[in-house]
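Some notes on the structure that comes next.
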Amino acid sequence: MNRSHMSNPPRSRLVDQLVFLDKQMTMFLDSYPSQQKIQVHKSIKQYVKILERLLELDDVNLVKTLSKVTVIGSNITICYEEEGSNELFTVVLPTEIDPDQNRISLFSPIGNQLLSRSTGETFILQTPEAEYSVRIVGTVLS
């Protein structure tokens, strides 16, 4: 059995995320309407593939990559392109949300769109109220 993730906290956290998603995803997806459930499920499956690729990296490259890619536990600073203002979010597991601290679930509409994004990436962030052109200014695994 490979226990190398035991001595590497970032690696261990990614493994824990895979275990959580494997055991809990269906329960959380059941709360979505069918069309939205399909989209969220697709993005989570894509995220799992990204985690699996990250776990193939050696420790040095893993740490470097985690400073550029949004994973669960990342602090993500986005810039609203039109306004030029920044906002910080942390994508977390549903059991760790705190809206007052911008700690948002990976299953939330915004969290789901931020997951797997890279520093420097620009995209349209869709919210229930509006769409915003945003750029990922930085991401740091907290």
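Secondary-structure-derived ellipticity at 222 nm for the chain, considering helices only, amounts to -13000 deg cm²/dmol, per-run term -39500 (n - 2.57) for DSSP H runs with n ≥ 4. Whole-Hz Karplus values for the stretch 74-88 come out as 7, 8, 10, 9, 10, 10, 6, 4, 5, 8, x, 9, 10, 9, 9 Hz, taken residue by residue from phi with 6.51 cos²θ - 1.76 cosθ + 1.60 and θ = phi - 60°; glycine and proline positions read x. Each residue of the stretch 1-134 gets 120 Å³ once the volume of the Cα convex hull is shared out per residue.
Across the stretch 47-58, computed HN-Hα scalar couplings (Karplus, 6.51 cos²θ - 1.76 cosθ + 1.60, θ = phi - 60°) run 4, 4, 4, 5, 4, 4, 5, 4, 5, 7, 6, 6 Hz from first to last residue, x flagging Gly and Pro.
Here the relative contact order of the stretch 9-111, from alpha carbon pairs under 8 Å that lie six or more residues apart, stands at 17 percent. Highest mean packing comes first when the peptides 96-103, 123-130 are listed by Cβ atoms within 10 Å, giving 96-103, 123-130. Overall, the chain carries a charge dipole of about 620 debye about its Cα centre when +1 sits on the Cβ of Lys and Arg and -1 on the Cβ of Asp and Glu, all other atoms neutral. Full extension of the chain segment joining GLU87 with THR119 gains 10.1 nm, where the gain is 0.36 nm per residue of separation less the Cα-Cα distance. Fully extending the segment from ILE50 to THR65 would add 4.3 nm, taking 0.36 nm per residue of separation and subtracting the current Cα-Cα distance. A simple spin-label model places pseudo-atoms 7 Å from Cα toward Cβ; at THR127 and ARG13 they are separated by 2.5 nm. Once you reduce the stretch 98-121 and the stretch 16-33 to the center of their Cα atoms, the two points are 16 Å from each other. Relative to the longest principal axis of the Cα atoms of the chain, the long axis of helix 9-29 lies at roughly 60 degrees. Here the chain exposes an accessible surface that is 51 percent carbon and sulfur, computed with a 1.4 Å probe and the other protein chains kept in place. Farthest towards the positive end of the charge dipole of the chain, among the residues GLN39, LEU18, VAL69, is the Cα of LEU18, using unit charges on the Cβ of Lys, Arg, Asp and Glu.
Can you give the net charge of the other residues whose Cβ lies under 14 Å from the Cβ of ILE104, counting K and R as +1 and D and E as -1? Cβ neighbours under 14 Å give a net charge of -2.
Can you count the Lys pairs in the stretch 1-120 whose Cα atoms are under 18 Å apart, with each pair 8 or more apart or on different chains?
Qualifying lysine pairs in the stretch 1-120: 6.
The values are calculated or read from the model by the stated rules, or taken from the named source; none is laboratory data. Nothing here was measured: the structure is a model prediction, and the numbers come from that model. Here Cβ is always computed from backbone atoms with ideal geometry, including for glycine, and neighbour counts include all displayed protein chains. Please note that ligands, DNA and RNA were not included when accessible areas were found on the heavy atoms of the full protein model with its side chains. Shrake-Rupley method; radii C 1.70, N 1.55, O 1.52, S 1.80 Å.
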